[in-house]
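In what follows, a single structure is set out as structure tokens and then discussed.
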Amino acid sequence: MPVNFIKTNSRRLLLLTVFSLFIYGSFFMLSYLVTPEKTLQNFAGQDGLAMGILSFVAESIITHYVLIFVVILPAMHGQRSRLNALGITVILFLLKFAVNYCTYLYESGHRTAAVTKLSERSLGWILVISYVFTMVSSLSVALLVEWVNKSKERMMLEKQKTEAELVALKHQINPHFLFNSLSFIYGKLMRTDRETADSVLMLANIMRYSLGTGENVDGKVNIMDELEHLRNVIEINQRRHNHTLNIRYEEQVEDQSISILPLVLITLVENAFKHGDLHDPDQPLQILTHTRVNELSFRIENRKGNGIKELSNGVGLQNIRQQLKLTYGSRCSFQIEDTGEHFRVDLNITF
């Protein structure tokens, strides 16, 4: 419905209206500086200056909206193929040409002999220049919109990071005290219960990793470190449940030089342990990790438990999505499939 469209896109339409009026005013002033005596007559046309402004602004808003929000931005985000974007652009400019040429014929038929008529050749050059200007201005505005959106996302992520750090500070325990205590407990248990002692040591290593002690300068970790601690998380949970959990784990790493954001894969696995039903042998938790040269693919799928159903709305998953988007942009695909009984996440990154 047009009314719903206007309500939903009111801010965009208002900005495009201002932008179109600015373009019209610029052309008017430029024409006035060159030929002040003919400017008003040329811009007013047969229907008057008000109708001339209205028709120009309407055409400009429609053209720029389609180019910016239907063609360029979706193509930049990989939501529309280049061929599809090119097809829409060609159709749009063919429609513009039809409207402009019909307007030219209408104006030519009603002009008086005293008014100089514009030749078709001159009209062709004017349309070509105006169409090129429209494409350039649309691309510029699209890049500006993308930059503003990226800036907002970064600010939001920084705010969330700051809030998370404040919460962590409130509940912080001295890491050295914690690790020394766990080492002491490990040493005591080694004499009586080797499995429990190994579990304590495994937990200490997971916590040390979570604190980011192995991160590179750019805040990333080697894929082998992430997978090592991912396996530790799986083993800890298996021991908690007396090895009754049904898990299918597959790891095929051809490129061990890949570095990724830490705790991404681990958070997805912890989410499955928290919300999944892993006690059905016919529907195990599936964790599949494959790497090729400069490429990572990760899939996790589980049967949903009887607890929280809307896993895709979890704060952890939303944070992962935002971090991946800011770090890898269009080189990353993060797909969530949430059905009535199953939950699956597919992560693909090209480095």
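The values are calculated or read from the model by the stated rules, or taken from the named source; none is laboratory data. None of the values given here were measured: they were computed from a predicted structure. Every residue, glycine as well, gets a Cβ built from its backbone with ideal geometry; the counts of neighbours run over all protein chains shown. Side chains included, ligands, DNA and RNA excluded: accessible areas come from the protein's heavy atoms. Shrake-Rupley method; radii C 1.70, N 1.55, O 1.52, S 1.80 Å.
Details
- When segment 217-228 is filtered for residues that are in a helix (DSSP H, G or I) and open to solvent by less than 20 Å² (accessible area, probe 1.4 Å), the ones remaining, listed by number, are Ile223, Glu226, Leu227.
- Single condition Ile287 does not satisfy, out of (1) farther than 18 Å from Asp338 by Cβ; (2) outside any loop (DSSP other than H, G, I, E, B): (1)
- Count - residues of segment 258-295 that are in contact with a helix residue (DSSP H, G or I) (Cβ under 8 Å, 6 or more places away or on another chain) and under 12 Å from Ile223 (Cα atoms): 11
- When segment 6-26 is filtered for residues that are among the aromatic types (Phe, Trp, Tyr) and open to solvent by less than 90 Å² (accessible area, probe 1.4 Å), the ones remaining, listed by number, are Phe19, Tyr24.
- Residue in segment 63-77 that is farthest from Leu21 (Cα to Cα), counting only those that are open to solvent by 20 Å² or more (accessible area, probe 1.4 Å) and of a type outside the set (Gly, Ala, Ser): His77
- Residue within segment 255-268 that is open to solvent by 30 Å² or more (accessible area, probe 1.4 Å) and in a helix (DSSP H, G or I) present: yes
- Identity of the residue in segment 234-247, in contact (Cβ under 8 Å) with a residue 40 or more places away in the chain and not in a loop (DSSP other than H, G, I, E, B), that ends up surrounded by the most Cβ atoms within 10 Å (Cβ to Cβ): Ile234
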